[in-house]
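The values are calculated or read from the model by the stated rules, or taken from the named source; none is laboratory data. Quick caveat: nothing in here was measured; it's all calculated off a predicted structure. Positions of Cβ are generated from backbone atoms using ideal geometry, with glycine treated the same way; all protein chains shown enter the neighbour counts.
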Amino acid sequence: MYSVMVEALESRRMLSASAPFITSVESAQAVGPAIHTSVQAAKPPTAKLHGRPVTTALSSYSFTVTYHSSVGINASTIATGNLSLSGPSGYVATPTLVSMSPASNAKTIVAVYSVTPPSGATFSTSDNGLYTATLLAGSVSDINNQSTANPVKVGTYKVQIKAVPAPTAKLVAQTMSAAASSYSFQVIYHASVPINASTIATGNLIVTGPNAIRIAHNPAP
């Protein structure tokens, strides 16, 4: 250790010390190891899909995506349009944001998205297959405005609808043993899922008989 005394009234060059004389700051040498500092840049937010297979004829399907950032997610960047969904037969859709928790900036935010069936009012066997959700580049950012530079696959889910047998029909009728101006009979329809009652109407059945008779059945109200 050096002890240095500055003589205020003497020339600025006059320094006395108990160690070897130092003539200038430039001639002094560093003592001890150099100190290096480095700051590691935060990585862009990550995203992971969580969803169960679709196994029933739903009219819509929801799944969650968990976003995470070591510095915090910018909640205002989570919206409809973050994701692109692809599936069988060239299917492409944009999932709709339903909700997110929390709704403010946080290191982890869980967002709920919803999609509608590709082929109709409900999911069916024609929709079966693997569906892939992709986070679009620059879509979700952290509080420092950092986001992924390229699209990122966040996960998949499956549609696995089992084929349902068509409804069955069974005639319940009595033998006609006397002249009559009309004749009524019953048909019992059965299915493993509810039958669409609006489809039961005149024109469902054709009655054929001797002499090539052909009659359309008119169901009773």
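For every residue, the table says whether it meets (1) touching a Gly at 6+ places or on another chain (Cβ under 9 Å); (2) of a type in the set (G, A, S).
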residue	(1), (2)
F63	yes, no
S89	yes, yes
M100	no, no
S126	yes, yes
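Total residues in the stretch 52-99 satisfying the condition of being among the hydrophobic types (A, V, I, L, M, F, W, C) and assigned to a strand (DSSP E or B): the figure is 11. Could you check how many residues of the stretch 142-188 are among the β-branched types (V, I, T) and more than 30 Å from T77 (Cα to Cα)? Qualifying residue count for the region: 7.
Could you say which residue among N150, N204, N145 is surrounded by 13 or more Cβ atoms within 10 Å (Cβ to Cβ) and over 28 Å from S60 (Cβ atoms)? Write out each step before concluding.
On the way: N150 fails: surrounded by 13 or more Cβ atoms within 10 Å (Cβ to Cβ); N145 fails: surrounded by 13 or more Cβ atoms within 10 Å (Cβ to Cβ).
Going through N150, N204, N145 in turn, just one is surrounded by 13 or more Cβ atoms within 10 Å (Cβ to Cβ) and over 28 Å from S60 (Cβ atoms): N204.
Within the stretch 105-131, which residues are outside any loop (DSSP other than H, G, I, E, B) and loosely packed, with under 15 Cβ neighbours inside 10 Å? Full working, then the answer.
Within the stretch 105-131, the first condition is being outside any loop (DSSP other than H, G, I, E, B), and the residues that meet it are 106-115, 125-127, 129-131.
Result: K107, T108, S114, T125, S126, G129, L130.
In the set (1) at pLDDT below 95; (2) exposed (fewer than 14 other Cβ atoms within 10 Å of the Cβ); (3) within 28 Å of the chain's Cα centre (by Cα), the condition left unmet by A42 is number (2).
Using beta carbons and a limit of 8 Å, which pairs, at least six apart or on different chains, have the first residue in the stretch 105-128 and more than 29 Å from P45 (Cα to Cα) and the second one basic (K, R) and modelled with pLDDT under 95? Close Cβ pairs satisfying both conditions: T125/K162.
Condition check: among the small types (G, A, S) and at pLDDT 95 or above. Does S141 satisfy that? Considered against the rule, which asks whether it is among the small types (G, A, S) and at pLDDT 95 or above, S141 comes out as yes. How many residues are surrounded by 10 or more Cβ atoms within 10 Å (Cβ to Cβ) and assigned to a loop (DSSP other than H, G, I, E, B) when one looks only at the stretch 171-191? Residues meeting the conditions: 5.
Specify which of the listed residues (T199, T156, T168) is out of contact with any Lys or Arg (no Cβ under 6 Å at 6 or more places or on another chain), surrounded by 10 or more Cβ atoms within 10 Å (Cβ to Cβ) and modelled with pLDDT under 95. Don't jump to the end; show me each part of the working.
Values: T199 fails: surrounded by 10 or more Cβ atoms within 10 Å (Cβ to Cβ); T156 fails: modelled with pLDDT under 95.
Of the residues listed, the single one that is out of contact with any Lys or Arg (no Cβ under 6 Å at 6 or more places or on another chain), surrounded by 10 or more Cβ atoms within 10 Å (Cβ to Cβ) and modelled with pLDDT under 95 is T168.
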